[in-house]
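> My questions will all concern the structure given below.
Quick note: the coordinates plus some simple rules give every number you see, no bench work behind them. Every value quoted in this text rests on a predicted model; they were computed, and no experiment measured them. Reconstructed Cβ throughout: ideal geometry from the backbone, glycine too, with neighbour counts over all protein chains shown.
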Amino acid sequence: MTIPKVELKPCFLTPRRLQPEYPLFVYLPGMDGTGQLLRTQTVGLEAGFDVRCLAIPREDLTSWEVLTNNVLDLIHTELEKSSQRPVYLCGESFGGCLAQKVAVGAPHLFKRIILINPASSFHLRPLYEWASQFSYLVPSCFFDIGALGLLPFLASLSRISRSDRQELLRTMRSVPAQTVLWRLSLIREFHIDEQQLRQLTQPVLLVASILDRLLPSLSEAERLANILPNAKMVVLPESGHACLLETDVNLYEIMKSNNFLETSAEAVKAIEVGDRVR
């Protein structure tokens, strides 16, 4: 008897604290697709949000369209439980590309959008585009070794704790070579018409790391800021590409200090504090 293969689909990882009365915060991860690397930010974000992290199966080789529809389906499922709450969409690196696809697919669904060093900047490095076309020629055994060599380009290691550096390397090595190549091809082919981006009239926060050695994130943030009608840039002068892993970077505080938190999020927090006092 042949046992049918179970096809896994993307899902949301849920932190231990479920807060359905809070705004929904949806995080779309980088090339690893695990959602695990948001762990250093989760506690801070839970001060004002009900957090969900997208996890993409390691063997997932689907198109931008399928990934986009999967994310929208997951969000709508969450909103069936509490349809009135606002949704914040956050994408980092590869997830920054996916977030743009998701946002233009349902432009009125999101109250706020956060793009962190989005990999849509890939096309600004022609050498990357050229080299990525031949990456399939590299034997898969070299991807594991390459992950270690890529680490200094991916992160400002001195600003990340030892345990988080180890977790980052483990996560990078967990992604099969075939999946890495597929996601690279998606980034290489990524395109959104500027007119579609101009339809995103909600506030957008563009977070760019100046010391990003992997991608020209500052140039991309400046490009997007000139397209998106209601965008604001935040520049991290000492951060690398994987800035959310850095001990001195607090995404919730960045949003708060840039007046990017909707009033309802702050109100819910105040109610919760009041209830505790009573």
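> What is the order of Thr171, Thr247, fewest Cβ neighbours within 10 Å to most?
Least to most surrounded, the residues fall as Thr247, Thr171.
> A further question follows. Which whole-Hz ³J(HN,Hα) couplings does the stretch 225-242 yield from phi under the Karplus relation 6.51 cos²θ - 1.76 cosθ + 1.60, θ = phi - 60°, glycine and proline marked x?
Listing the rounded values in order: 5, 7, 9, 6, x, 10, 9, 10, 9, 10, 9, 9, x, 10, 9, x, 4, 8 Hz.
> Within 10 Å of each residue's Cβ, count the other Cβ atoms and sort Thr201, Thr34 from fewest upward.
The most exposed by this proxy come first: Thr201, Thr34.
> With a sphere of radius 9 Å drawn around the Cβ of Val87, what net charge do the other residues whose Cβ falls strictly inside it have (Lys, Arg +1; Asp, Glu -1)?
+2
> Express in whole angstrom the spacing between the alpha-carbon centres of the stretch 51-113 and the stretch 193-237.
Using only Cα atoms, the two centres lie 18 Å from each other.
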